[in-house]
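Notes follow the structure.
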Amino acid sequence: MLKLIRLLKPYTGTIIFIAILFLTQAMVDLSLPTFMAEIVDNGIVKGNLPYIYKTGLIMISIAMLGVLCALTAGYFSSRTSLGFSKTLRAMIFTKAQDFSLNEYDTIGSASLITRATNDVAQVQQALIIMLSMMMRAPLMCIGGIIMAVSRDRHLSLVFTVAVPVLGLIIYLVQKNAIPLFISMQKKLDRLNLVIREKLTGVREVRAFDMIAHEEKKFDEANASLTETALSLANLMAFIMPAMMAAMNFTMLAIVWFGGLRLAAGKMHFGDIMAFIQYVNLILFSLMMVSMLFILIPRAEVSAGRINEVLDIQPSILDPKNPAKRRTGKGKLEFKNVSFTYKGAKQKAISGISFSAGPGEVTAIIGGTGSGKSTLVNLIPRFYDVEEGSIEVDSMDVRDYPQAELRPLIGYVAQKAMLFTGTVADNIRLGNESAGMEDIIKAAKTAQAHDFIQAMPAGYDSILAQAGRNLSGGQKQRLCIARALAVRPEIYIFDDSFSALDFKTDSMLRAELKKELKDSTVIIVAQRVTTVMDADRIIVLEDGRAAGMGTHKELFATCKVYREIVLSQVSPEEVS
Amino acid sequence: MSSEERQQNTPPPNMRMGGAFGGGGPRGGGHMRAIGRPVEKAKNFKGTVKRLVSFLKPYSMPLAVTTVLIIISSVFSAASPKILGLAITSMFKSFTAGSRPDYVYVVKILGGLSILYILSALITFFTQRTLARTAQKTAYTMRRQLDEKLSKLPLKYFDTKTHGEIMSRVTNDVDNINNAMQQGMSQLISSLIGIIGAIVMMLIISPLLTLITIITLPLSFGVTMFIAKKSQKFFAAQQKSLGELNGHIEEMFSGHRIVKAFGYEKKSVERFGEINTRLFDSGWKSQFISGFIFPVMNFINNLGYVAVCVAGGIFVVKKTIEIGDVQAFIQYIRMFTQPVAQSASVINMLQSAVASAERIFEVLDEPEEKADGDGVEPNRENEGSVVFENVKFGYTPEKILFESLSLDVKPGHTIAIVGPTGAGKTTLVNLLMRFYEISGGKIIVDGVDTRMLKRGALRRMFGMVLQDTWLFSGTIRDNISYARPEATDGEIFRAARAARADHFINALPGGYSTVLNEDASNISQGEKQLITIARAVLADPSMLILDEATSSVDTRTEVQIQHAMKELMKDRTSFVIAHRLSTIKDAEMILVMNEGAIVEKGTHEGLIKAGGFYSQLYKAQFSAGETA
């Protein structure tokens, strides 16, 4: 939390101003009892009615000053706290845009989303409260003590007992409550986990007749949560009456000792009444703070999670001195490339070398987890190679500024991913200058034009919820059109025909063959039929190239390839 | 999302204000709970409240005692300022008369007050505790009832609701009610009584002064309502921008590789900045306006305070009231302005609690599965014969899928169910397992009508492996032995070996004790599948259901898993749902489904010969390569 507070630096002046306003307002609230004491001492005791009226008017104008201060403070504090969260969100978002997939893997994109949304909201909430009530309370406390001491120093000694006692109560409760809060959150998480698991596995739970077992599991989590919640509630039930009692007894002490000093002629009568009200103001604000303290541990956890994100250094950066512009048409070369995922023991890719030029189709095939996607992810630098190098037109991809490298590559991901916006917006995502003709041409090649035309607003149809109204195959075709619209030199199709039916698949591939005849094409596939006529097939097994060559060559020489083929097609069909 | 991501937004339990407040003084009070935030309302408020109250029946005794105690403590808190006022008046009189204070009298009063305060504290402690206990126990009961209910609901319910929806009822909604009971109720009772008590005492002291101060009451009420209404517009705007912003974040983060691949970073940040600015604009405004309430109430309170000081002062001079009464008055005005300031948030809290309760009751009122009868014992000599006799079924009465389906499955046979995606292949499984009830005809397993069996007994006869592998967070051992927690390690290892899972499990750092995390992302999809197969092997059922069990692994791994499957299917009646037709050619019977209904049935050869839908499907899968 403290680390994030530094972000408030630009607001230092404003915060000081807010503090001054709050202090003024506290003094206003505190001065009212003082004026009342004056009314008692000078007005009532002396029977001076005009004095009472006059003082009343002064009090009203002072109260107005108070409300003005408070409103102004509210204005600045809401702008400050919301401004703070705005900056914080922007920082996280901008930072996350610079992350490579490495960083996304470490944190997890779901977690990253929560950090940029919920966690920021938690911190913002805590800040709002800090900049209002929590800041007011100590000021009120200090102001109250100043006023009390200036009225009667001796009677103020009562505070030397009352304030520590209250402080002790708050401390004790907090000390015990915070661990309970944390433990309760954990148990709540556990309860959520149990429910979520039984919901996702509702068929299995019933199929294996384990309902009773699951109910027991839930009941345990439920009972354990309730138990902690009860301890917490008991503790919380203690704080209010304890503080109330402390406050009331302080008041009695003031009446009693005040009475003694009054009898001794050491103080005015009005002072006693003023004192009673100071006590209330001071102790009440302390009590407020004690309640707000419980917000802190939660915000603390959130702040920690935000800091984690902000502390990460993106692992993929642009070169400091980018090499001069390359010349070429999209020749791609892997030179003994190896790669290991962060934290993994085994290499995901090891010792891969090949070269693919314009006009060639290179297919990559292999089992799940053999490293196919990983291999192609290295080309646009989603990850950086560990050993060896990847070159585009004889220049290492790490020597390109990312903004120059990526337009050279048209990438179609395994999972069709579209963004909110119109169909046209989505196709033109990587190439803002693409005109309507380009878009339609890309869509036609991708076999998407017909279904787009059939949509209510054609190319201007809005994709609700990132295309949830489209079928998987339609989404994939849009993704392909999107890559085509970039007009890149290298195409990567990462298993991106899987959701297409066989007919569309073959039509699309025929069309692509025509359109991409001058491009370097890399296709990752599961289906043998997709890769059969590629110029070069790379067979991956555990990250290594188990074979490389044409279909015929591989079928004759590569055992892994033959197994893959035979698992999909019957022997008589192969020949 | 993992558990850390699902922080519940439970508001911290604010503690109750009110109770035996001592002295007065000008100040505002109340919570910072932003008012004006839109609140959901229950459709049937009265009925829901009635039913909610019925949950409290077991606690009616302690609650009755609590209510009495709250009344007593409120009387105390109404009386104590007046009593303190007596001491002050007495001191004032002796002070103005220049005589010695009446110490005995003052000590008596202060002593009496001490007792009152201690009693008040004890009562508050006791009532808070009781309310909290009641609330927590009710929450426990509700969660438990919900959970038990979920076990009794038909599968249909889960197929039509999202998990988030159901979960939020068990957690958020219950929490909502819990909070309202713990804070809302006691606040409501004590502020009501506090207001009444304060007004009664004030009237006793001075009707005229009461009238002067009570003018602030409608004023504060009006202001509260006004601000609540005003801020609503901004809250709505804020909510909208927030939704947009979160949506953008979610999209850009989960589509990160697309953003990178297409160089969309700059535009994405621009768009973010634009929404972020809008959020800031509406955000600070709603914060500011709802934050008005605190200073404005404070101001109104101060006005009342000044009115009491001035008018009270005059009355004291005119000897119509005593000085101590002025002091008491100062305390009383706060006793009723504060509850009014809180009223908006308390009402909101209660309202949303009732809406939550309504949602919970909706779940509790869902029609349950028909209860199991006594249940005949399943035929001990399990043979594994399954007969469908004129089975009639449709997910909705309007759309009947099977008019009269008859099947006769011999023990040890394999029945394959094939068809395009969305053809309703799982329907048959749903019926076999009695996840859904048939609307006509009979399903007979081992010579017994399945409706005569207890559901659990019926389901235990089947082993099931589904496409969506379900593993729970726990060790691999626990996951394999899920259906038979008493299984020995030897049996578990044997099952894993039969499923060809043994090898990879042993290669994991923790072996069989490796803890799978929540999404089981520490092992691959194929490995997950093997674990679920091992689980089915260990359960040793007489019949098997394999629902696309291998579709999420690559074909070569599938061939390997097929060996495990074959092992598992040996001598067992099996129902196999498959996407890849190559895997089911040997089945004794193939059911071909399309658009929910069975369109063909027969053996592979027979169906190919017939040249119908199946042969089309088969050709499409195996000849597409040649045309490309």
*For peptide A:27-34, compute the average count of partner chain beta-carbon atoms within 10 Å of each residue's beta-carbon.*
4
*Counting only residues 5 or more places away or on other chains, whose amide H sits under 5 Å from the amide H of B:F575 once H atoms are built in the peptide plane?*
B:I415, B:L544, B:I545, B:L546
_Label-to-label distance, nm, for residues given as A:T200 and B:R497 (7 Å Cα→Cβ offset)_ = 3.2
_At 0.36 nm per residue, and after removing the present C-alpha to C-alpha distance, how many nm does the segment from B:N390 to B:D374 gain when stretched out fully?_
3.2 nm
*Along chain B, longest interval not containing exposed GluC sites (Glu not before Pro), exposed being DSSP loop plus at most 10 other Cβ atoms within 10 Å*: B:1-380
*asked:* To the nearest 20 Debye, how big is the dipole of region A:457-575 about its Cα centre, given +1 on the beta carbon of each Lys and Arg and -1 on that of each Asp and Glu?
replied: 220
*Write out the trypsin sites (Lys or Arg not before Pro) in region B:332-376 meeting two conditions: DSSP loop, and at most 16 other Cβ atoms within 10 Å of their Cβ.*
B:K370
*Measure out, as a whole number of angstrom, how far apart the alpha-carbon centroids of region A:412-428 and region B:201-228 sit.*
61
*Which whole number gives the average count of other chain Cβ atoms within 10 Å of the Cβ atoms across peptide A:38-50?*
4
*Toward the positive end of the charge dipole of the protein assembly as shown, about the Cα centre and with charges on Cβ (Lys, Arg +1; Asp, Glu -1), which of B:L364, A:G328, B:V599 goes farthest?*
B:L364
*q = 0.15, 0.22 Å⁻¹, region A:233-333: log10 I(q)/I(0) [Debye, one scatterer per Cα]*: -0.84, -1.13
*Could you run the Karplus curve 6.51 cos²θ - 1.76 cosθ + 1.60 with θ = phi - 60° over region A:200-217 and give me ³J(HN,Hα) per residue in whole Hz, x for Gly and Pro?*
5, x, 4, 5, 5, 4, 6, 4, 8, 6, 10, 4, 4, 4, 5, 5, 5, 4
*Restrict the search to region A:344-452; then list the GluC sites (Glu not before Pro) that DSSP places in a loop and that have at most 14 other Cβ atoms within 10 Å of their Cβ.*
A:E432
*Once the dipole of chain B is set up with Lys and Arg at +1 and Asp and Glu at -1 on Cβ about the Cα centre, which of B:I166, B:N390, B:S186 lies farthest towards its positive end?*
B:S186
*State, to one decimal in nm, how far the label point of B:L122 lies from the label point of A:L317, with both points 7 Å from Cα in the Cβ direction.*
7.0
*Return the whole-Å distance between the Cα centroid of region A:530-563 and the Cα centroid of region A:146-181.*
79
_Whole-percent pair-distance distribution, where bins are 5 Å wide, for the alpha carbons of region A:332-573_ = 1, 6, 14, 18, 18, 16, 13, 8, 4, 1, 0
*asked:* What number results when the radius of gyration of region A:367-506, computed over Cα atoms, is divided by 2.2 N^0.38 Å?
replied: 1.10
*With contacts defined as alpha carbon pairs under 8 Å and 6 or more residues apart, what's the relative contact order of region A:179-298 in percent?*
25
*asked:* If DNA, RNA and ligands are ignored and the probe is 1.4 Å, what is the ranking of A:R89, A:R6 by accessible area, most exposed first?
replied: A:R6, A:R89
*asked:* Just to verify a number: FRET efficiency for A:K216 and B:R484, C-beta to C-beta distance, R0 = 22 Å, to 0.05?
replied: 0.85
*Which residues' amide hydrogens lie under 5 Å from the amide hydrogen of A:Y491, considering only partners 5 or more residues apart or on another chain, with H built in the peptide plane?*
A:G410, A:T520, A:V521, A:I522
*Within 10 Å of each Cβ of A:53-61, how many other protein chain Cβ atoms are there on average?*
4
*What's the center-to-center distance, using Cα atoms, between region B:287-310 and region A:249-303 in Å?*
20
*What is region B:260-377 by shape, rounded, prolate or oblate, if you read a ≥ b ≥ c off the alpha carbon gyration tensor as root eigenvalues and call it rounded for a/c under 1.5, prolate for a/b larger than b/c, and oblate otherwise?*
oblate
*Using amide H atoms built 1.01 Å from N in the peptide plane, name the residues 5+ places from B:G440, or on other chains, whose amide H lies under 5 Å from its own.*
B:K392
*If the viscosity is 1.002 mPa s and the temperature 20 °C, what Stokes-Einstein diffusion coefficient in µm²/s follows for region B:428-571 when Rh is the Kirkwood radius over Cα pairs?*
134
*Dipole axis of region A:174-224 (+1 Lys, Arg; -1 Asp, Glu on Cβ), positive-most option in A:F218, A:Q174, A:F208*: A:Q174
_Using the Karplus curve 6.51 cos²θ - 1.76 cosθ + 1.60 with θ = phi - 60°, what ³J(HN,Hα) values do you get for each residue of region B:99-105, in whole Hz, with x for Gly and Pro?_
9, 5, x, 7, 4, 4, 4
*What per residue convex hull volume, in Å³, do the alpha-carbon atoms of chain A yield?*
234
*In debye, nearest 20: dipole of region A:88-311 around its Cα centre with unit charges on the Cβ of K, R (+) and D, E (-)?*
720
*So how many Å³ per residue does the convex hull of the Cα atoms of region A:20-96 work out to?*
58
*Find the relative contact order for chain B and round it to a whole percent, using C-alpha pairs within less than 8 Å whose residues are 6+ positions apart.*
17
*Residues in region B:107-140, backbone N under 15 Å from the label point at B:V68 (7 Å along the Cα-to-beta-carbon vector): list them, ranges by number please.*
B:123, B:127
*Which lysines have a Cα lying under 21 Å from the Cα of B:K152, excluding residues fewer than 8 positions away in the same chain?*
A:K198, A:K216, A:K217, B:K161, B:K370, B:K454
*Rounded if a/c is under 1.5, else prolate if a/b is larger than b/c, else oblate: which is region A:88-311, with a ≥ b ≥ c the root eigenvalues of its Cα gyration tensor?*
oblate
*asked:* Can you tell me how region B:84-240 classifies by the Cα gyration tensor, rounded, prolate or oblate, using a/c under 1.5 as the rounded cut?
replied: oblate
*Please compute P(r) over all alpha-carbon pairs of chain B, binned at 20 Å starting from zero, and give each bin as a whole-number percent.*
14, 33, 27, 17, 8, 1, 0
*Using a simple spin-label model with points 7 Å from Cα along the Cα→Cβ vector, what separation in nm is obtained for A:D396 and A:L172?*
6.6
*Probe 1.4 Å, all protein chains in place: accessible area of A:C141 in Å², nearest 10?*
20
*In whole Å, what three semi-axes, largest first, describe the equivalent ellipsoid of the protein assembly as shown built from its Cα gyration tensor (square root of 5 times each eigenvalue)?*
71, 37, 24
*Do the sum for chain A: with -39,500 (n - 2.57) for every DSSP H run of n ≥ 4, divided by all residues, what is the mean residue ellipticity at 222 nm, to the nearest 500 deg cm²/dmol?*
-20000 deg cm²/dmol
*Which trypsin sites (Lys or Arg not before Pro) does region A:457-548 hold that lie in a coil by DSSP with at most 16 other beta carbons within 10 Å?*
A:R468, A:K517
_³J(HN,Hα), Karplus 6.51/-1.76/1.60, whole Hz, each residue of region B:584-590, x for Gly, Pro_ = 10, 4, 7, 4, 5, 9, 10
*Evaluate Rg over Rh across region B:162-287, taking Cα atoms for both radii and Kirkwood's formula for Rh.*
1.24
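The values are calculated or read from the model by the stated rules, or taken from the named source; none is laboratory data. Keep in mind that this is a model prediction, so the values were computed, not measured. Reconstructed Cβ throughout: ideal geometry from the backbone, glycine too, with neighbour counts over all protein chains shown. These accessible areas exclude ligands, DNA and RNA; they are computed on the full protein's heavy atoms, side chains included. Shrake-Rupley method; radii C 1.70, N 1.55, O 1.52, S 1.80 Å.
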